[in-house]
Amino acid sequence: MPQGTATLPPPTAVATEVPEGRRSGAGSEFAPLLRTVKEQGLLERRTGWYARGITVNLLALAAVVTGVVLTGGSWWVLLLAPLLALFSTRAAFFGHDAGHAQIAADRRTNRIIQLVHANLLLGMSQEWWNDKHNRHHANPNHVDKDPDVAADVLVFSEKHVAGRAGLLGWLTRHQAWLFFPLTTLEGIALKIYGFQAVFSRAGGRQKRGERVLEGALLLAHVAGYAALLLAAMPVGQAVLFALVHQMVLGLHLGMAFAPNHKGMEMPDEETGKDWGHLRRQVLTSRNIRGGHVTDWFLGGLNYQIEHHLFPSMPRPHLRLAQPLVRAHCRALGIPFTETGLVESYRQALTHLHEVGEPLRQTA
């Protein structure tokens, strides 16, 4: 049963369950669902569940680190790199949940948990990620407003294809084939973006003390990571271990995030202007079928629709909310998209391939 009731508002804009936009028409479609979810206690905290999960994951990380120290002189140590990546990804999931105020009822506790998991364990800036992720949740898959679909190395909308030439054009033409190889760089990219955000002159909107703390934890991560590897193994072996660890971490993160929105509706200022909170989140998101193994592997993000509708809902409650959301959408005639994991990748890659088609025609 749910434990503990949230008594304080969540720390970020996207962690609220109040519908955005109009409160009549499409906007009111969400209200009955929200009322039902609250009545069933699905927004109440699960502190014990998270405490157990975080403790187990920290112990697993400690066990892998111990294994690295004990076997560092042997090439067998490289077998521990993917295992370290597996539990590092779990840390990312817990950091994500803390950022959405899913774990604790007070802002300070959630922030501490996220700082430990994001900055210290992963070397990723909490503030940078929160800002980017909040904008994504506010306007998921929006061609102009969602930073996750902004034109970069990959392009997710044909509106962003024009003018792509040279290396960027080549990447766009072949992006469906390159998607998963490129995700192996995601773990490294998250660190680079975080360091740039914290140590840039602008420094974001953080207070000086918060910025200093973030920076100190990022430096502690790098120093601790380097010290562990260099103390346990020769330099060449340490570099190879780090590459395997970071590439598997990036791939795992990519496998968890790719199915969520790629290939789903991509609204713009015209097509999405009349959508209320329910349609904005449901029509742009995809759920992944599966059992507890899928839940564990994808960190609960396989319930992407429920997560977007109720960002502060604790992860173990997402499965319980799914039948309610599905039935509510069915009653309103709103498509509720749910596929298997492999099919979700096929749809995402097909979308990327279709986006690059105009450039292949002119090549």
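Normalised by 2.2 N^0.38 Å, where N is the number of residues, the C-alpha radius of gyration of region 165-247 stands at 1.44. Consider a paramagnetic label point 7 Å from the Cα of residue 62 along Cα→Cβ; state which residues of region 225-259 have an amide N under 18 Å from it. It comes to 225, 228, nothing else.
The trypsin sites (Lys or Arg not before Pro) of region 253-296 meeting both criteria, a DSSP state outside H, G, I, E and B (loop) and at most 11 other C-beta atoms within 10 angstrom of the site's C-beta, are 273. Considering only alpha-carbon pairs that sit under 8 angstrom and 6 or more positions apart, the relative contact order computed for the chain is 26 percent.
Grab the other residues whose beta carbon is less than 14 angstrom from that of residue 59, score K and R as +1, D and E as -1, and report the net.
Working: positive: 52, 90; negative: none.
So the surrounding residues net to +2.
For residue 346 and residue 235 in the same chain, what is the full-extension length gain: residue separation times 0.36 nm, less their Cα-Cα distance, in nm?
Values: separation 111, 0.36 × 111 = 39.96 nm, distance 3.96 nm.
Contour length minus Cα-Cα distance gives 36.0 nm.
Ranking 223, 283, 305 by Cα position along the charge dipole of region 199-315, where only Lys, Arg, Asp and Glu carry charges on their C-beta atoms, puts 223 farthest toward the positive end. Listed by chain and number, the lysines placed with their C-alpha closer than 17 angstrom to that of residue 273 are 145; residues fewer than eight positions away on the same chain are left out. Note on region 232-338: with charges restricted to the Cβ of Lys and Arg (+1) and Asp and Glu (-1), its dipole about the Cα centre is near 320 debye. Which loop GluC sites (Glu not before Pro) in region 169-277, with loop taken from DSSP, have no more than 10 other Cβ atoms within 10 angstrom of their Cβ? Those satisfying the criteria are 269, 270.
Charging the Cβ of each Asp and Glu at -1 and of each Lys and Arg at +1, and nothing else, the dipole of the chain about its Cα centre rounds to 560 debye. Between residue 339 and residue 227, the simple label model (points 7 Å from Cα in the Cβ direction) yields a spacing of 4.7 nm. Quickly estimate the mean residue ellipticity at 222 nm for the chain, helices only: each DSSP H run with n ≥ 4 gives -39500 (n - 2.57), and the total goes over all residues, rounded to 500. Result for the chain, helices only: -19000 deg cm²/dmol. Screening the chain for whole DSSP H helices with an alpha carbon extent of at least 24 angstrom along the helix axis and a mean Kyte-Doolittle hydropathy of at least 1.0 yields 47-71, 208-232, 235-261. List the aspartates and glutamates whose Cα lies under 14 Å from the Cα of residue 207, skipping any in the same chain that are fewer than 8 positions away. Candidates past the 8-residue exclusion: 127. When both region 302-348 and region 183-242 are represented by their alpha-carbon centers, they are found 34 Å apart.
From Cα pairs below 8 angstrom and at least 6 apart in sequence, can you work out the relative contact order of region 275-363, rounded to a whole percent? Can you show the working numbers first?
Values: 67 pairs, mean separation 29.7, N = 89.
It rounds to 33 percent for region 275-363.
If you plug the beta carbon distance of residue 185 and residue 294 into 1/(1 + (r/R0)^6) with R0 = 35 Å, you get a FRET efficiency near 0.90.
Tell me, what is the per residue accessible area of the chain in Å², probe radius 1.4 Å?
Working: 16660 Å² over 363 residues.
I get 46 Å² per residue for the chain.
When peptides 33-46, 327-340 are ranked by their average number of other Cβ atoms within 10 Å per residue, the highest-first order is 33-46, 327-340. In this rough spin-label picture, where each label sits 7 Å from Cα along the Cβ direction, the residue 106-residue 243 distance is 4.7 nm. In this simple spin-label approximation, residue 158 and residue 144 carry label points 7 Å from Cα along the Cα→Cβ vector, and these lie 1.9 nm apart.
The values are calculated or read from the model by the stated rules, or taken from the named source; none is laboratory data. Since we're looking at a predicted model, the values are computed, not measured. Counting neighbours? That spans all protein chains shown, and the Cβs are built from the backbone with ideal geometry, glycine included. Keep in mind that these areas ignore ligands, DNA and RNA; they rest on the heavy atoms of the full protein, side chains included. Shrake-Rupley method; radii C 1.70, N 1.55, O 1.52, S 1.80 Å.
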